[in-house]
Amino acid sequence: MTTTPRASWRNTTHDWAGTVDLGHLEHIRRNPAVHAPGGTRHLVLEAVAYAADEAASGNGGHCRLTLHPDGSVAVADDGRGTDTRLDEHGRPVKKPVMATKDLRFFDHPAAPPLPDAHARRGMSVVAALSTWLVHTNRRRNGSWTQRYELGVPATGLRPVPDDGTTGTTVHFLPARVLREAGGPTSDDLARLTAAWPHLCVQIDDRRT
């Protein structure tokens, strides 16, 4: 992991200059029907879309969806993991994918649709509309986990032991208003995620 000035980092999907955009997160929370049409199902597709991005670029290609009895969902892939760097002070900084807007999609009139036909907005929608979210990241240069509550980091980056793999696991509990609307069926998720030809999705439904 190289050490470079943070100001020199190029913004591609997110703005490296910030770590949390509270106004952005609050805007999402005030408009759940707009940003998560279809409820939990849409949040799942927002998360799987990043695994599909990795697969399409030749990194990984497998994703496991676990539907838990408490209504939470875990999305795990075998891609490269979320970009994490050291700043000029030697401090680890991860790309702020959870708590800031995705520059490619959010507020973009030409944002591509997800398989549910609703616009893709980014992982900040998942984080902001989840009571809690745990992001576990495994990269060649280190592994860590971080917890969020309503999109706001509740912990720093906490190291976890390397296990020889790379990839990202996002485990989240959708907000109560979304859970009360009902969860997606495994058949529905299988049909929708089949739209990503480069990604093999396995669904483990533990709700029954």
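Quick notes on this one:
- With each label modelled as a point 7 angstrom along the Cα→C-beta vector, the His89-Thr155 pair spans 2.2 nm.
- Computed FRET value (nearest 0.05) for Arg206 with Asp163, which takes r as the C-beta separation and R₀ as 22 Å: 0.50
- If you take the Cα centroid of the stretch 185-208 and the Cα centroid of the stretch 1-80, the two points sit 18 Å apart.
- The chain: Rg to Rh, with Rh as the Kirkwood radius over Cα pairs: 0.94
- Residue order, fewest to most beta carbons within 10 Å, for Trp132, Trp144: Trp132, Trp144
- Shape category assigned to the stretch 1-102 from the gyration tensor of Cα positions, a/c cut at 1.5: oblate
- Residues Thr40, Thr155, Thr208, Thr13, ranked from the fewest to the most other C-beta atoms within 10 Å, line up as Thr208, Thr155, Thr13, Thr40.
- For the chain, calculated [θ]222 nm from helices alone, where every DSSP H run of n ≥ 4 adds -39500 (n - 2.57): -6000 deg cm²/dmol
- Each Cα pair under 8 Å and six or more residues apart adds its separation to the average, and for the chain the resulting relative contact order is 28 percent.
- Arranged from fewest to most other beta-carbon atoms within 10 Å of their beta carbon, Cys63, Cys200 become Cys200, Cys63.
No lab work stands behind these numbers, since they all come straight from the coordinates. As the structure is a computational prediction, the values presented were derived from the model and not from experiment. Glycine also receives a Cβ, built like all others from the backbone with ideal geometry; neighbour counts cover every protein chain displayed.
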